[in-house]
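Okay, structure first, notes after.
The values are calculated or read from the model by the stated rules, or taken from the named source; none is laboratory data. Keep in mind the model is a prediction, meaning the values are calculated, not measured. Cβ placement follows ideal geometry from the backbone for every residue including glycine, while neighbour counts extend to all protein chains displayed.
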Amino acid sequence: MTTTDTNLHTGAGKTAWDDGLVTEDAVEAGAARLLGILNDSSAALLASVGHQTGLFDVMAGLPAATSEQIADAAGLNERYVREWLGGMVTARFVEYRPARYPHAAGTYRLDPALVPSVSGPGVDNLARMLQYVTLMGEVAGRIAQKFRTGGGLGYGDYPDFMHIQASDSGSVHDASLVSAILPLAGCVDRLRAGIDVADIGCGAGHAVNLMAGAFPASRFTGYDFSEDAVLAGRAEARRLGLGNARFEILDAAALDVVEGFDLITVFDAVHDQARPAQVLHNIHQALRPDGTFLMVDIKASSNVADNVGLPWGTFLYAISTFHCMSVSLAQDGDGLGTVWGVQLAESMVRAAGFGTVEVKELDEDPFNAYFVARK
Ligand SMILES: C[S@@+](CC[C@H](N)C(=O)[O-])C[C@H]1O[C@@H](n2cnc3c(N)ncnc32)[C@H](O)[C@@H]1O
């Protein structure tokens, strides 16, 4: 292998690249990787549309079919569907069989091996996660400006976020909240007997309503500073006829309850706080002496080097840059970011006054760590 003579370094100082380790092959591999990323990120956007429009669900239930048949079954415009199918064929999501005769239509079939990953309502449907890629693309230009000016974008700049987040966390909660997550926190007997529970940063409130339905003797309050979120929570509670779930618009940094709750939960809503230490302090104060704090937050390391092997590490730093860190910085906040990491998270929970903090994992939810803390 020969070292490249292209001008890869222009500065006066010696760089690591000057050590002669950069070969022509390595440069070619780098370029090929970038082209792969161009294709894969394009596939991500197409697949996100496949999820949003229901195309994947429709195709999961169809045999090999023409673009007209697929568009008809999905109630969509055939020309768009055919172009989308082209991208899905080249991305190897969909198998294409050309017609045997000229002018006849070829057929498309969703790769059966991908059906569980792109269709259905359950946690296995990872196409749901690709909506975050669309969301990041929508704000990319404005976030790039923040690299110069500092600050961030407010929650109002992400009109689809609550819906995407609710569908993401909802799939995990439907599958595991009552059967696995609450047992992890060791609270099920007390929930059955009847206790006071708060969920901070409750979003659209599905977790609160699920718990309220499962434990009718307990009383649940969901707090969020988003009016839309609180209205969504109340609407679902009404629809389900729940008399033990209430929702309140409140900034968690201003929560001023003293020993009012036996269990406080926070699902993925501490790392994007403007003032996370204040919120954790308020939670500690709001818990009764024998109460439990369950904080669910991203499972990653506080040390970037440890995250290189994390399969979704890049996604986490991206969603942080484009949303979670940004919404905190927009409020002149700490900007912890999505990847604040388990080490920092644990130390901040302890610093808020909790005497014991256990960090647990759940097979069904590889993205999150489960912190169970007691006074
Ligand atoms: C990432 S979402 C999580 C929502 C929900 N817990 C879930 O798992 O779907 C974070 C939520 O926290 C809310 N939030 C952020 N900071 C808040 C604060 N200081 N007080 C109240 N709610 C806050 C946001 O409005 C948003 O609904």
message: Regarding the stretch 137-153, can at least one residue be identified that is over 27 Å from GLY291 (Cα atoms), aromatic (Phe, Trp, Tyr) and within 10 Å of the ligand (Cβ to nearest atom)?
response: no
query: So is GLY353 assigned by TED's automatic domain parsing to the domain that holds CYS187, within 16 Å of the ligand (Cβ to nearest atom) and not in a strand (DSSP E or B) or not?
result: no
task: Identify, by number, the condition in (1) touching a strand residue (DSSP E or B) at 6+ places or on another chain (Cβ under 7 Å); (2) touching a residue at least 24 places away in the same chain (Cβ under 8 Å); (3) not hydrophobic (A, V, I, L, M, F, W, C) that ARG350 doesn't meet.
output: (2)
- prompt: What are the pairs, 6+ residues apart or on separate chains, where a residue within the stretch 70-97 that is more than 14 Å from PHE56 (Cα to Cα) has its Cβ under 8 Å from a residue that is modelled with pLDDT under 95?
  reply: TYR96/GLY106; ARG97/GLY106
query: Which of the following residues is touching a residue at least 12 places away in the same chain (Cβ under 8 Å) and within 21 Å of the chain's Cα centre (by Cα): GLY156, GLY201, GLY186?
result: GLY201
Where HIS271 falls short, out of the listed (1) modelled with pLDDT under 95; (2) within 21 Å of HIS206 (Cβ to Cβ): (1)
